[in-house]
Amino acid sequence: MSDYMGIDIGTSSAKVVILDSHTGTLVTHASIPYPVHHPQAGFAVQASTDWWKAVQLCIQNINKKIDLSEIAGIGLTGQMHGTVLLDNTGVPVHPAIIWADQRGGTLTERILERIGSDRYVATTGTLPMSGFMVTTLVWLAEHQPELLAQTQTILLPKDYVRYRLTGSLGTDITDAAATGLFDIDRGEWSADVIEALGLPGDKLAQVSDSHVVIGTVTSQASEETGLPVGIPVVAGCADQPAQAIANGITSESDVSITIGSGGQILVPYRKATRPTADPHLHQFNHAVPDTIYVLGAMLSAGLSLRWLRDLLGLDEDMGYQELAQMAAASPAGAEGLVFLPYLYGERAPLLDPQARGAFIGLTHRHGRGHMARAVIEGVCFGLRQILELAMVGQESQRVITGCGGTMAHPIWHQTLANILGQPIEVSQVEEATATGAALLAGIGIGEIGSFAEAAEVVQSERLTVEPDEQVTSLYKERYSQFCRLYPKLKDDFHRLS
């Protein structure tokens, strides 16, 4: 067994990791940032060439530390939903339109009217949303049809780096599933949806399984990066399935809760036993064959604490630690203060862009610590709502893995365990998304025999956090209060927005 490279095309930066398959540890890693451009209000685009330049620099930095000839395979991952348009020579005809772009949001109702909401969700596993490829392409067809006319191939973000590495044009099943144009049961582009929307289905990239070797490093890519010619490259997968692979979230005994800027709950199901698609959540194809994962996304998890840090004028680096300490020193329940974490509207479980954040129950007794405690509790209450929706009554039957840098702090993982009333196993995997991509490379070249074996390569001893029964009892009532607040305030939020 050898070293594997994982490449992650994130929203703010590219990351490249080298995984030692013998020890399961990261040998080294590098990260290079790039900007998001906003040429108009509501637009969010990135230069595809910035991704490639960042990857080049990362690999060149890594080459100063290790011998790249030790790399046996390369896997890819990255931000979901984005749209990359290439002409017949492989050159981008427009900056990539990424997931954060809002221009297509006004078209979602029209898309559903053409197809029917129930039929659309049953086919694609999701409602159409702004930033998804489906809404982006419908917007382009209406407002900039000349761009689609110039386009030969439509890709997703990580697939542009795949093309620059190998010359191979294509995507994988997980990224295709997250476009809103894919039939998740059939595992192919939905001709019915594409034809109903009048989109150029012949320009959508060919789809393969995530672990399939789709090419090797070309001589040109070798010159540009320093990688040896001929290293196998696998198709890779979207960022959420990638972290799931690294954390062993691959079967119906698992569930992951990730707390970063946003919050994500990922619940795998065998395709044959998946629940009926719920429009408040997403169902997408997992990198694990014949597996669907239910995904619920909260927009403002860690971002809520970041907002409070900035509001209070705390130091950018130490402010989170200060808030965590203040929250830990405040009593559970924040002495009657409740926070609704809808600072950017909310996706799951509300599907309401006009939802608003709020402190409820504020008195003269409350200080910074109470506010910090209430923010953390509010985020965890929201995650419990999503989990209950995604698990359809299976809460006690799965191991819950806590992921993300935020989860490492005791106030976060203990509060989440107390609010869920269940143990949390906190992942110790570093750079889980890029590591998941590296593990896919090991599977693709045949050195790792299965997805279950892949998780064992990197799994270190987890931190198990047990709920405090006395605090859990308090949170049971407070959670019921939390759930009643949004329905009471919804109309006021809409009027205020």
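Would you call Ala438 at pLDDT below 95, buried (at least 21 other Cβ atoms within 10 Å of the Cβ) and of a type outside the set (Ser, Thr, Tyr)? Give the steps one after another, and end with the answer.
Numbers: at pLDDT below 95: no; buried (at least 21 other Cβ atoms within 10 Å of the Cβ): yes; of a type outside the set (Ser, Thr, Tyr): yes.
It is false that Ala438 is at pLDDT below 95, buried (at least 21 other Cβ atoms within 10 Å of the Cβ) and of a type outside the set (Ser, Thr, Tyr).
Where residues in the stretch 441-480 are of a type in the set (A, V, I, L, M) and surrounded by fewer than 17 Cβ atoms within 10 Å (Cβ to Cβ), which of them is farthest from Ser208 (Cα to Cα)? Spell out how you get there, then give the answer.
Residues of the stretch 441-480 of a type in the set (A, V, I, L, M): 441, 443, 445, 448, 452, 454-455, 457-458, 463, 465, 471, 474.
Cutting the leftovers down to surrounded by fewer than 17 Cβ atoms within 10 Å (Cβ to Cβ) gives us 452, 463, 474.
Numbers: Ala452: 21, Leu463: 36, Leu474: 49 Å.
For the stretch 441-480, the residue satisfying everything is Leu474.
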Near pairs, Cβ below 6 angstrom, 6+ apart or cross-chain, from the stretch 120-141 (closer than 20 Å to Glu188 by Cα and among the acidic types (Asp, Glu)) to any residue that is surrounded by 24 or more Cβ atoms within 10 Å (Cβ to Cβ) and modelled with pLDDT under 95: none
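Quick check on Ile59: is it within 21 Å of the chain's Cα centre (by Cα), assigned by TED's automatic domain parsing to the domain that holds Pro92 and not small (Gly, Ala, Ser)?
Working: within 21 Å of the chain's Cα centre (by Cα): no; assigned by TED's automatic domain parsing to the domain that holds Pro92: yes; not small (Gly, Ala, Ser): yes.
Taking the combined requirement at face value, the residue does not satisfy it.
Kindly provide the set of residues from the stretch 99-116 that are over 11 Å from Trp139 (Cβ atoms), out of contact with any His (no Cβ under 8 Å at 6 or more places or on another chain), surrounded by 17 or more Cβ atoms within 10 Å (Cβ to Cβ) and of a type outside the set (Val, Ile, Thr), ordered by number.
Ala100, Leu112
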So which of Ser330, Ser300 ends up being part of a loop (DSSP other than H, G, I, E, B) and touching a Lys or Arg at 6+ places or on another chain (Cβ under 7 Å)? Ser330
Residues being assigned to a loop (DSSP other than H, G, I, E, B) and surrounded by fewer than 24 Cβ atoms within 10 Å (Cβ to Cβ): count how many of those fall in the stretch 286-297. 2
Could you check Thr406 against (1) modelled with pLDDT of 90 or more; (2) part of a helix (DSSP H, G or I) and say which number it fails? (1)
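The values are calculated or read from the model by the stated rules, or taken from the named source; none is laboratory data. The structure presented is a predicted model; accordingly, all values stated were derived computationally and were not measured. Positions of Cβ are backbone-derived with ideal geometry, glycine not excepted, and every protein chain shown enters the neighbour counts.
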